[in-house]
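Report on the following structure.
Laboratory data are not the source of any read-out in this text; all were calculated from the coordinates shown. Here the structure is a predicted model, which is why all the values come from computation and not from measurement. Heads up, the Cβs are rebuilt from the backbone with ideal geometry, glycines too, and the neighbour counts pull from every protein chain shown.
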Amino acid sequence: MKFHMNEEEKIIKKLRKSAMSYLARYEVSVHQFEKTMKRKLSNLKANDLDKIKIIRNLKNEMILAKFIDDKRFAETKIRSIRRQGGSERFIYAKLNEKGISNDIIKCAINTVDEGHENAEMIAAINFIKKKNIGIYYKKNLENKIDEFELKNKWYGALSRRGFSLDIVKKVFEIKDIEKANLILEDNL
C-alpha cells in the first residue's frame, strides 16, 4: 500500500526543510523567521488562511525545539553591537527593527552588561578606537580651525551612534591612550 501526501503536507514538508536550513545558518528572531517563511510561502500554492496556519504551526514547532529564541538572539546581537561600539540607544533601535520587544532587550542588555558599570563608556571607546578618532587619531593637527572642524565631525559620529552628550564629552576628555585601554579592560 502506497502512502500519498496531499498538497498541504508537501508544502509543510518543503517549508520545514527550508526553515531548518535557514535556522542552521542564522540566529534569527521570531519576527524575522515569520517574515522569511511568509516570503518563501508566497511562491507556493496555498490560500491565505492555510499559509497563516502553516507558518504559526511551524513557528511554534521551532520555538519548542529551541531553534528560535528571542532572548538568545538579543544577547548575541547586543554582544556584537557592544564590541563594535554601539550605545544602548543604538541597540534598542537595531533590535526593535528585528521585532524584539523592549522588555526582552532591557533584560538582555542587563545580562550582557552585568559587571560592567560603565558599559556605555567602553562601547564609545571601542567605537573611537575602531574609527581612529579622538585620542586614536593618527595625524597631527595643523591649526585650531582644522581641530575644531574635526572635533565637530567626531561629536557627530558618536551622536549618530546613539551616545549621549555626557558620554561623548567624557570620551573626548581622555587624553591618554593608556587610560583608554584601562577603561576598555574595565579596570577603571
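Compared with the dominant principal axis of the Cα atoms in the chain, helix 88-97 is inclined by about 20°.
Ordered by the count of other Cβ atoms within 10 Å of each Cβ, fewest first, Thr76, Thr36 give Thr76, Thr36. Compared with the dominant Cα axis of the chain, that is its longest principal axis, helix 102-112 is turned about 60°.
Residues Lys53, Lys94, Lys77, ranked from the fewest to the most other C-beta atoms within 10 Å, line up as Lys53, Lys94, Lys77.
In the chain, a dipole from Cβ-located charges (positive for Lys and Arg, negative for Asp and Glu) runs towards its positive end, and of Ala108, Tyr92, Ala24 it is Ala24 whose Cα lies farthest in that direction. Would you mind getting me the FRET efficiency between Glu114 and Asn60? Use the beta-carbon distance for r and R0 = 35 Å, nearest 0.05. Calculated transfer efficiency: 0.70. Structure note, pairs Lys71/Lys170; Lys98/Lys153; Lys77/Lys130: Cα-Cα distances above 20 angstrom occur for Lys71/Lys170; Lys98/Lys153.
At a 10 Å Cβ-Cβ cut-off, how would you order Arg82, Arg160, Arg89, fewest neighbours first?
Working: Arg82 22, Arg160 9, Arg89 13.
Sorted ascending by nearby Cβ count, the order is Arg160, Arg89, Arg82.
Highest GNM mean-square fluctuation among Lys139, Lys153, Lys98, for the chain modelled with Cα contacts below 10 Å: Lys139.
To the nearest 0.05, how large is the calculated FRET efficiency for Lys71 and Lys40 if R₀ is 25 Å and r is the Cβ-Cβ distance? Efficiency, rounded to the nearest 0.05: 0.50. Sequentially through segment 117-125, phi angles give Karplus couplings (6.51, -1.76, 1.60; θ = phi - 60°) of 6, 10, 5, 5, 5, 4, 4, 5, 5 Hz, Gly and Pro residues having no value and appearing as x.
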